[in-house]
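Dumping the structure here so I can ask a few things about it.
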Amino acid sequence: MVKYLGKSIIKRIYDYADVFHCEPIEKTADEFISRCKISKDSYDNVSACRYEVPDYRTIGEVYERLIEDISDDNMDSIIEYILEVYSSWISDAISNYNSDLFYQSREYICECYKEGRICA
């Protein structure tokens, strides 16, 4: 998704998050989907889930903590870190709701990210 949105849109979303969060997330998402002309695809990690699907806030917090942990509070490059994490292998692993990765501690998730694999 970050490839479709691009750096400038992600920066806009980040810069105006305090405004966008006042609207329903579905409305905001639809507006960016339309603006970026993102077509529907076959990606669906929810219907394949055999367990309770976490809500977007829960998953958002997982990504937020990971981005905080790898950025070392370097806010000058935060958009780069967002792009990096969401474009990496760990995004697919976190979004696999049939695994328990997204429930693991932030330290464990960060270590997996740094190692480039799910740690034993």
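The values are calculated or read from the model by the stated rules, or taken from the named source; none is laboratory data. All values reported here derive from a predicted model rather than from experimental measurement. Glycine also receives a Cβ, built like all others from the backbone with ideal geometry; neighbour counts cover every protein chain displayed. Heavy atoms of the whole protein, side chains included, go into the accessibility calculation; ligands, DNA and RNA do not. Shrake-Rupley method; radii C 1.70, N 1.55, O 1.52, S 1.80 Å.
Hey, got the dipole for segment 43-88? About the Cα centre, +1 on K and R Cβ, -1 on D and E Cβ, debye to the nearest 20?
340
Sticking with this structure for a sec: Just to confirm a number: summing +1 for Lys and Arg and -1 for Asp and Glu over residues other than residue 45 whose beta-carbon lies under 15 angstrom from that of residue 45, what do you get?
-4
Calculate what fraction, in whole %, of the accessible area of segment 51-120 sits on carbon and sulfur atoms when a 1.4 Å probe is rolled over the protein chains.
Answer for segment 51-120 is 45 percent, counting heavy atoms of protein chains only.
Shape call for segment 1-109 from the C-alpha gyration tensor, a ≥ b ≥ c root eigenvalues: rounded (a/c under 1.5), prolate (a/b greater than b/c) or oblate?
Because a/c hits 1.5 or more and a/b fails to exceed b/c, segment 1-109 counts as oblate.
Using θ = phi - 60° and the Karplus form 6.51 cos²θ - 1.76 cosθ + 1.60, what ³J(HN,Hα) does each residue of segment 109-120 get, whole Hz, x for Gly and Pro?
4, 5, 5, 4, 4, 5, 7, x, 6, 6, 6, 7
Skip the ligands, DNA and RNA, and give the accessible area per residue of the chain with a 1.4 Å probe, whole Å².
For the chain, the per-residue accessible area is 70 Å².
Charges on Cβ only, +1 for Lys and Arg, -1 for Asp and Glu, centred on the Cα centroid of the chain; of 6, 39, 20, which one is farthest towards the dipole's positive end?
39
How big is the dipole moment of the chain about its Cα centre under a simple scheme where the beta carbon of each Lys and Arg is +1, that of each Asp and Glu is -1, and everything else is neutral? Debye, nearest 20, please.
Using only the charged Cβ atoms, the result is roughly 540 debye.
Can you give me the Cα centroid spacing of segment 6-34 and segment 79-120 in angstrom?
One Cα centre to the other: 23 Å.
Restricted to Cα positions, what overall size does segment 1-65 have along the principal axes? Three whole-Å values, descending.
35, 27, 21
Over segment 49-120, with a single point scatterer placed on each C-alpha, what log10 of the ratio I(q)/I(0) does the Debye formula yield at q = 0.11, 0.16, 0.21 1/Å?
-0.25, -0.53, -0.90
Place the peptides 34-41, 9-16 in order of packing, highest mean first, counting for every residue the other Cβ atoms within 10 Å and averaging per peptide.
Peptide ranking by packing, descending: 9-16, 34-41.
So what is the calculated 222 nm ellipticity per residue for the chain, using -39500 (n - 2.57) for each DSSP H run with n of 4 or more, over all residues, to the nearest 500 deg cm²/dmol?
Taking each H run of at least 4 residues, the total per residue is -17000 deg cm²/dmol.
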